[in-house]
Amino acid sequence: MWYNFLMITTFILIFGAGVVLGAVAVWAFLIRKKPAKTIIEKQAAEQQKNRQKILDFLDQNQGESITNDQVQNLLGISDASAERYLDSLEKEGILRQVGKTGVKTYYKKV
C-alpha cells in the first residue's frame, strides 16, 4: 500500500515538474525579447540620425549654409564632434566648406 502511494506521489511530482518546465520553456520562447543592440550599433544609429538632422536643417533653410556652432546647438554636441560630422559630410561630397578656418567658415550643400 505504501509502495503504491509512493509510486503515485513520485509520478505526480515528476509530471508536475515537467508541466512547469514545459510552461516556462513555452513562455520563454513566446515572450523572449530581441537581442539588445550593441553599443556600436547604437552609436551608428545615433550618428545617422544626427547626420540627417544636419541635412534637414539645410533643406528647411532652402540649402543655405550651416556653421560649426549651429551644428553644436542643433545636436547638443561638442565642437570636435560637430567638426567630425561636417568633415564626414564634406568628404562624401554632400557639403562644401567655404572658408578655411575661423568664425566666417561655413558649409553649403553641394
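Each value in this text was obtained by applying a stated rule to the coordinates, not by laboratory testing. The structure displayed is predicted, hence computed values, not measured ones. Because the Cβ atoms are built from the backbone with ideal geometry, glycine has one as well, and the counts that use them run over all protein chains shown.
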For the chain, what are the DSSP H helices with axial Cα length of 20 Å or more and mean Kyte-Doolittle hydropathy of at least 0.5?
2-31
Taking every pair of alpha-carbon atoms in the chain, give the share separated by more than 25 Å as a whole percent.
51 percent
Using +1 at the Cβ of each Lys and Arg and -1 at the Cβ of each Asp and Glu in the chain, identify which of ASN50, VAL20, LEU95 lies farthest towards the dipole's positive end.
VAL20
Rounded to one decimal in nm, the spacing of the 7 Å Cα→Cβ label points at THR38 and VAL98 is 4.1 nm
Among the aspartates and glutamates, select those whose C-alpha is under 14 Å from the C-alpha of LYS104, and discard any that sit fewer than 8 residues away in the same chain.
ASP69
Could you tell me the relative contact order of the chain? Use alpha-carbon pairs under 8 Å, at least six residues apart, and round to a whole percent.
18 percent
